[in-house]
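Below: one structure, written as structure tokens.
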Amino acid sequence: MRKIVIIQGHPDSSERHLCHALADAYAGGAGRAGHAVERIDLATMTIPFLHSQQEQEEGVVGPAIAQAQTAIAAADHLVFVYPLWLGEMPALMKAFLEQVARPGFAYDIDGPPLRNGLLAGKSARVIITMGMPAWFYRVYYGSHSLKAFKIGILRFVGIKPVRATLIGGVGGARFRGEPWLERMKRLGAAGT
């Protein structure tokens, strides 16, 4: 069985969103299959923005970020769930990643280029919801922000393989969430 950490990155905690339901479904499927599941809900955390490279490399890590690093270090598989906002992940998600992926934890600043990731041996799934059709994001935009996340962050710190699930048409009259929730349960059960 795997140790799975689900990072729910929708920044609005005032109401439940599809991202919350997807994270719940994935966690439910994983838990029923016997996987150990830990959740991190970014909207409930205070995550300061970094303002300099020096702060990122040498700044103090707050207790919430240290706790997240501990969970991530112990995990076999990471699941990131967030909405696409203005073509990217929400700012809170990016701030979290900048805080967590510090030198000495996520990568070796003195290590060889392209082989300095300290989180090797972990896999990930990125689940992105969006208003536009997923095919349009893939074809017209080339999944640009997903590629940047997969290559520039996750692979950089040694996480692979990285799989993605893109859920488009969210909020449209024809959108049906139930099949996606069932798919999340199956992915959670498989631990992928």
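General remarks:
- Where strands (runs of 3 or more DSSP E) sit wholly within the stretch 1-113, those with at least 2 residues that are touching a Cys at 6+ places or on another chain (Cβ under 7 Å) and either at pLDDT 95 or above or open to solvent by 60 Å² or more (accessible area, probe 1.4 Å) (or both) occupy 77-83.
- Qualifying residue in the stretch 121-138 (condition: in contact (Cβ under 8 Å) with a residue 60 or more places away in the chain, touching a Cys at 6+ places or on another chain (Cβ under 9 Å) and surrounded by 18 or more Cβ atoms within 10 Å (Cβ to Cβ)): yes
- Residues located in the stretch 154-190, provided they are more than 30 Å from ALA120 (Cβ to Cβ) and either surrounded by 13 or more Cβ atoms within 10 Å (Cβ to Cβ) or among the charged types (D, E, K, R) (or both): GLY168, GLY169, VAL170, ARG174, PHE175, ARG176, GLY177, GLU178, TRP180, LEU181, GLU182
- Matching option when the condition is touching a residue at least 40 places away in the same chain (Cβ under 8 Å), out of contact with any helix residue (DSSP H, G or I) (no Cβ under 6 Å at 6 or more places or on another chain) and of a type outside the set (Phe, Trp, Tyr), among GLU178, GLU88, GLU182: GLU182
- Restricted to the stretch 139-153, and to residues there that are open to solvent by 90 Å² or more (accessible area, probe 1.4 Å) and not in a helix (DSSP H, G or I), the residue that is nearest to ILE7 (Cα to Cα) is TYR141.
- Residues that are over 17 Å from SER14 (Cα atoms) and of a type in the set (A, V, I, L, M), drawn from the stretch 33-46: ALA33, ALA36, VAL37
- Within the stretch 2-56, tally of residues that are of a type in the set (Phe, Trp, Tyr) and under 19 Å from ALA101 (Cβ atoms): 1
The values are calculated or read from the model by the stated rules, or taken from the named source; none is laboratory data. Since the structure is predicted, the reported quantities are computational estimates derived from the model, not experimental observations. Virtual Cβ from ideal backbone geometry, glycine too; neighbours counted across all protein chains shown. The accessibility values were calculated without ligands, DNA or RNA, using every heavy atom of the protein model including side chains. Shrake-Rupley method; radii C 1.70, N 1.55, O 1.52, S 1.80 Å.
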